[in-house]
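Encoded as structure tokens, the structure appears first; notes follow it.
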Amino acid sequence: MRVKVLILRAAGTNCDLETGFAFEKCGAEVTFRHIWTMAPEELRNYQILVLPGGFTYGDYLGAGTILAHELRTRFQEEILSFIDKGGLILGVCNGFQVLVKTGLLPGLSGYFRVEATLVENESGRFEDRWVYLRPEKTNCIFLKGIDSVFELPVAHAEGRFLAPDAVIHKMREEGMVALRYTNSDGSPPGYPGNPNGSIDDIAGITDPTGQILGLMPHPERFIDPFHHPRHTREMIGFLAGYEILKRGVDYVRKNL
Amino acid sequence: MVHRVEVRKRYPDKRGERIIAGMGLLGVTGIDKVEVIDVYYLYGISDVEARRIAEELLTDPVGEEYRLGKFDCDGTEIEITYNPGVEDPVTPSALRAIADLGIKIEHFKTAKRYIFSGDLDPETLNTVATRLLYNPLIEHIVTGDEEFPETTYRFKLIHIPLEGDLVAISKRYGLALNRIEMERIQEYFRKIGRPPTDIELETIAQTWSEHCVHKTFKGRIEYEGRVFENLIKETIFAVVEELKPGWCLSVFHDNSGVVEFDDEYGVCFKVETHNHPSALEPYGGAATGIGGVIRDILGTGQGAKPILSTDVFCFGEPDIGYDELPEGVLHPKRIISGVVGGVRDYGNRMGIPTASGAVFYHPSFLSNPLVFCGCLGIIPKKNIKKELKPGYRVILVGGKTGRDGIHGVTFASQELDSESQSLSSCVQIGNPIEEKKILDLIIRARDLGLIRSITDCGGGGLSSAVGEMGRELGVEVHLERVPLKYTGLTYTEIWISEAQERMVIATRPEDVDRLINLFAEEGVEAVEIGRFTGDRMLRLYYEGNKVGELEMEFLHKGIPKVVRKARWEKREELIRPEPIPLDSAFLKVLGSYNIASKEWIIRQYDHEVQARTIVKPLVGRCCDGPSDGIVIWPRLEKRSGLAVGCGLFPRYGQIDPYHMAASAIDEAIRNIVAVGADPSRIALLDNFCFGSPEREEVMGAIVRACLACYEIGLAYGTPFISGKDSLYNEYIDPVGNPRPILPTLLVSSIGLIPGGKVVTTDLKEEGNLLYLIGRSKEELGGSEYFYQLGIETGIVPKVDPEVGKKIYLCLHRAINEGLIQACHDLSEGGLGVALAEMVIGGRVGAEIDIDRIDFDGKARPDLILFSESNSRFLVEIRPEDETRINTIFSGLPHYRIGKVGNDHLSIRSGGKTILEFSIDTLVTTWKHKPVL
């Protein structure tokens, strides 16, 4: 079967094309849609919903806020039934901010309840750099079976994950912290290994079903060995970004 | 009924910290905390609705809290909001989002409330506010009453009789036209028997400005007994005309130059300057600089897609004291912070990687910084040619038009002085999200065939864009159809406004509705404002009244030819300063602002968005070594590379602009040959930044730089495909003395890497050999070493293109054969710096013996290590490849100078170690001081 991926765009989305290209490379059929030209029911035609990186609506009213609001007010019912039918949702960078601000992540006490946030980096700056990430024990479909440290690039100004202690505690308990910033040996990093000052080194989180993944790092920027910043020194065979997206596509092909 | 909602952060707000840092740069101290509160005014709703909007839309429940009304705060406070009539960028999205909640609202606007802990006297508060918090053109301080009457404009046609003192008329209207040009205009209107209208005079001033028409470069110039009838045509354009390379697809006549990339696509490249706006309002000036050059790419052919941005800056020395600043001049750190921030925020939001660039510091740029912004695009070959026919419609797309940027181009064609700081109306205001929407839609419209021709609205606004587009056919425009940000604009202001984020499209009449609807789908306004006629006239109407009528022939060809004299006095002399202790000299050069790491800038730019950056600006074991050129894959599905680099040597320019330009070309080429570019497929861009060409020695410098472009460009087989000049880069100090910048030519380069084989600068493996390629001479005039010693003269580096070309071809062959493990070009700081940087990148030591170099000059270690002779590389090879390397480079200067290994850098001469540094020392010296 063809795995159908929807790349949802809005004004200011800017990682849509390479994200679509990466999913095509994983064997999916990709459609790009602008949220203003799409009826919520059309979501039923897809199995993976992707919110790519960018600065939707200029990040006015907060990073991802307005797109989150549009999803909450117009797409709520359809998204709930999309998840219910086993569909996968991926939010990268600005897309992660959108998922947190809609309340789809972490989703501890049901969806569309905001429990966490992503705020300005502790450095006060936009930063583009490659980081080491440690996949944690979760049921996240996109990360299934990936158990060693890998690298991906981050590029953002507002990636610092914050939530009340109780939420963080529960996320840890229930295995919803999907990715942590780390040193190459797996030990906890300071800055810049943790590029934004995220609490508990959180880089990406999943929901209780494991169907939703939101992360600040960009998987679509590491789908070829030449993307890696040290490819003239070492050719890395494990293309972490490709592997993450491919797991989503393969899961849909097998299970839906 | 108005509701006020305030939202404050629950966690430390970085915006406040940035304001404190900014106040530091203004010399204001004593405030340790600034809180920023977001304020929203909601009009015509109930209390319940206001609370719902605040809760569900305006407040992040985890990170923020809100209040209806005001939070209580202690300290000095100030509130800033948009001027009446100015479009608040948040409003449209917010109104839509509120409608999604099912609430009917009359109006929505935002403000910001700043609370300073502690007392600020009103004057300081005003300085802080005008410099850091708001731009009076679009915003104001809230003082209570927020109801302002909107200004209205009632049509009245204005004629300007050209009688009496013509120069005074030019001055009064800010036209920047000289007496001869004014007389020419007078003569034209006498002939047709009426005085010009204001809009006609403005149109001519815009079209004839140095910024738009480059009259100096096209002028008649006398230099050393030679007369150039058209300087640029006889030098820079001549390279491509004589070489006639089939791969140059569109050169010097569109908004950017286009070269062939592969069978289906071309790539186009343009670099612009935005110097004067950046001197006055660094953030806005740089942001609109990058926004403008991106539109040049969108406006190439029938529309190209931007895939890379470049940025090159020249600033004053950052450590200058506040008391040393000339009147009306901003501190370099403030300029740097604003310029970098402007490029970062605009470029990152556009989703275009900013991955290539350079920064240069010298006191001559203190009052006149240079800001070069470049953009590179990809375009299907079938869309390279524009098509225009009578009857095609003129469509204006993008942002609304306001009073911003009036007279930007005539302003750019004059010197800055201490009064310039008050000319804030010349600075434009950028909105990257608007431009991103336009970008997405232009590419879609192009692929649907709806765009027959397109150009950007940049300097000169509609006047330049439409006037230029219609030059062959003639065009009529109805100015009242242009969407406005606020009421009250005159017809002339509409015509010459440089409001940003606007493009002009020519489309077939039958496609107008489709085009407008397509843009409307994603929230971009597109309006038909006129049509192309075929009678070679420019006709302007306002509410049915004819306000302007000019023959295109006169507008575009009527300008009197500029005649200038040029001279240059040679000032090159051999200097051999007393050496200072070698180890301190080495660290001084390595740690100088010009040479030290630029990582603090590079990381603020998203240099990897679009997932095509294959050699990044930072490379090596810890991803912090410098790259010579950068490499992108213009097509994601194909591993064919494109390398991008640049060269810039302003200090050489004060010794001899010829060799300054020659060296810039050589550097731009070797930058990208070093990463793998094919030397036979390199194209160049020129950006001239000089002082006033009305002075003979400045004109002489320009001529010499042009001559180098011709001779060196031709010898290397590297054509110029696009360029731009920016003149009058001078600051007139309060007593009337001009302070020109150093003669500066930026050369940018692009080169193909069809096979995709790339090399980086970082040393790879212990035991490998180090070879120096190219001839080293005692050429330290203008070098970083001499600069650190306080010497500004000497023998300047020359270019020998015959040898250089052979070196480039041989190095390219060696790279393609996989023989080169690491390669770094020698540039500022010479061999010493190149070696240190390779060690830093690889975090592995090296040992060299400088006696193995055949040095042309006095063989003193400091002169050998810091000579900046051109066309040189330091390469790392495996021992087993040595024979093959010697074969490839036979007959060319190449020296085995040492090997890779150990945990330190050691340099030997005369049988003993003369310098030794640990890797750590090199790293901390090179990375020690971010400027901000």
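For region B:486-497, 3J(HN,Hα) computed residue by residue from phi via the Karplus equation (6.51, -1.76, 1.60; θ = phi - 60°) reads 7, 7, x, 7, 7, 4, 6, 4, 4, 6, 10, 4 Hz, glycine and proline entered as x.
Here's how it looks for A:ASP207: its modeled amide H is under 5 Å from those of A:ILE212, which are all 5 or more places away or on a different chain. In the protein assembly as shown, taking the dipole from charged Cβ atoms about the Cα centre, the farthest positive-side position among A:CYS15, A:ILE48, B:HIS159 is held by A:ILE48.
Each other residue within a Cβ distance under 11 Å of B:LYS400 adds +1 if Lys or Arg and -1 if Asp or Glu, for a net charge of -3. Straight Cα distances below 19 angstrom link B:LYS437 to the lysines B:LYS305, B:LYS400, B:LYS485, with same-chain residues fewer than 8 positions distant left out. Checked against a 31 Å cut-off, the cross-linked pairs B:LYS588/B:LYS858; B:LYS333/B:LYS858; A:LYS144/B:LYS14 give Cα-Cα distances beyond that limit for B:LYS333/B:LYS858; A:LYS144/B:LYS14. Specify the angular offset, from 0 to 90 degrees and rounded to the nearest 10, of the alpha carbon long axis of helix B:332-350 from the longest principal axis of the alpha carbons in chain B. So the helix axis and the longest Cα principal axis differ by about 70 degrees. Of all the options A:ALA63, A:ALA203, A:ALA11, the one that moves most in a Gaussian network model of chain A with Cα springs shorter than 10 angstrom is A:ALA11. Straight-line cross-link reach from B:LYS546 at under 19 Å between alpha-carbon atoms covers these lysines, not counting any fewer than eight positions away in the same chain: B:LYS156.
Other chains near B:52-58: what is the mean number of their Cβ atoms within 10 Å of each residue's Cβ?
Per residue, the number of nearby Cβ atoms from other chains is 2 on average.
Helix B:179-192 axis versus longest C-alpha principal axis of chain B: approximately 40°, rounded to the nearest ten.
Distant-in-sequence amide contacts of A:CYS93, defined by a placed amide H-H separation under 5 Å and a gap of 5 or more residues or a different chain, comprise A:LEU215, A:MET216.
For B:CYS646, the residues 5 or more places off, or on other chains, whose built amide H falls under 5 Å of its own are B:SER749. Within the protein assembly as shown, DSSP assigns beta bridges of which about 75% are antiparallel (rounded to the nearest 5). Rounded to whole numbers, the Karplus 3J(HN,Hα) couplings from phi for region B:871-878 are 6, 10, 9, 10, 10, 10, 10, 7 Hz, using 6.51 cos²θ - 1.76 cosθ + 1.60 with θ = phi - 60°, and x at Gly and Pro. Accessible surface buried by the A/B pair amounts to about 5000 Å², both sides summed, 1.4 Å probe. Per residue of peptide A:116-123, the mean number of Cβ atoms on other chains within 10 Å of the residue Cβ is 5.
Extension gain for B:LYS798 to B:ARG179 (0.36 nm times residue separation, less C-alpha to C-alpha distance): 218.7 nm. Placing unit charges on C-beta atoms (Lys and Arg positive, Asp and Glu negative, everything else neutral), compute the dipole magnitude of the protein assembly as shown about its Cα centre in debye, rounded to 20. Dipole magnitude for the protein assembly as shown comes out near 2620 debye.
In a simple Cβ point-charge model (Lys, Arg +1; Asp, Glu -1; nothing else charged), region B:759-931 has a dipole of about 200 debye relative to its Cα centre. Ordering of B:301-311, B:898-908 by packing is B:301-311, B:898-908, highest average first (other Cβ atoms within 10 Å, averaged per residue).
Angle of helix B:282-298 to the longest C-alpha principal axis of chain B, folded into 0 to 90 degrees and rounded to 10: 90°.
Bridgeable aspartates and glutamates around B:LYS244 (alpha carbons under 17 Å apart, same-chain partners fewer than 8 residues away excluded): B:GLU234, B:GLU260, B:GLU711.
By definition, a body whose alpha carbon gyration tensor gives a ≥ b ≥ c is prolate when a/c is 1.5 or more and a/b is larger than b/c, and region B:2-141 fits this prolate description. In terms of its alpha-carbon gyration tensor, chain A comes out rounded; the largest-to-smallest axis ratio a/c stays below the 1.5 threshold.
Tally Lys and Arg at +1 and Asp and Glu at -1 over the other residues with C-beta under 14 Å from the C-beta of B:ALA664: what net charge comes out? Summing Lys/Arg as +1 and Asp/Glu as -1 gives -4. Shape class for region B:759-931: oblate, because the ratio a/c of the largest to smallest gyration tensor axis (alpha-carbon atoms, square roots of eigenvalues) is 1.5 or more and b/c is at least a/b. Here the dipole of region B:1-119 is about 160 debye; that uses its Cα centre as origin and unit charges on the Cβ of Lys and Arg (positive) and Asp and Glu (negative).
Rounded to whole numbers, the Karplus 3J(HN,Hα) couplings from phi for region B:220-236 are 8, 10, 9, 8, 6, x, 9, 10, 9, 6, 8, 4, 5, 5, 7, 10, 5 Hz, using 6.51 cos²θ - 1.76 cosθ + 1.60 with θ = phi - 60°, and x at Gly and Pro. Taking every DSSP beta bridge that has both residues in chain B, what percent is antiparallel when rounded to the nearest 5? So the antiparallel bridges in chain B amount to around 80 percent. Apply 1/(1 + (r/R0)^6) to the Cβ-Cβ distance of A:GLU24 and B:ARG15, taking R0 = 41 Å, and write down the FRET efficiency to the nearest 0.05. It comes to 0.55.
The values are calculated or read from the model by the stated rules, or taken from the named source; none is laboratory data. Since we're looking at a predicted model, the values are computed, not measured. For neighbour counting, all protein chains shown are included, and Cβ atoms are generated from backbone atoms with ideal geometry for every residue, glycine included. For the accessible areas, the whole protein counts, side chains as well, though only heavy atoms, and no ligand, DNA or RNA atoms are used. Shrake-Rupley method; radii C 1.70, N 1.55, O 1.52, S 1.80 Å.
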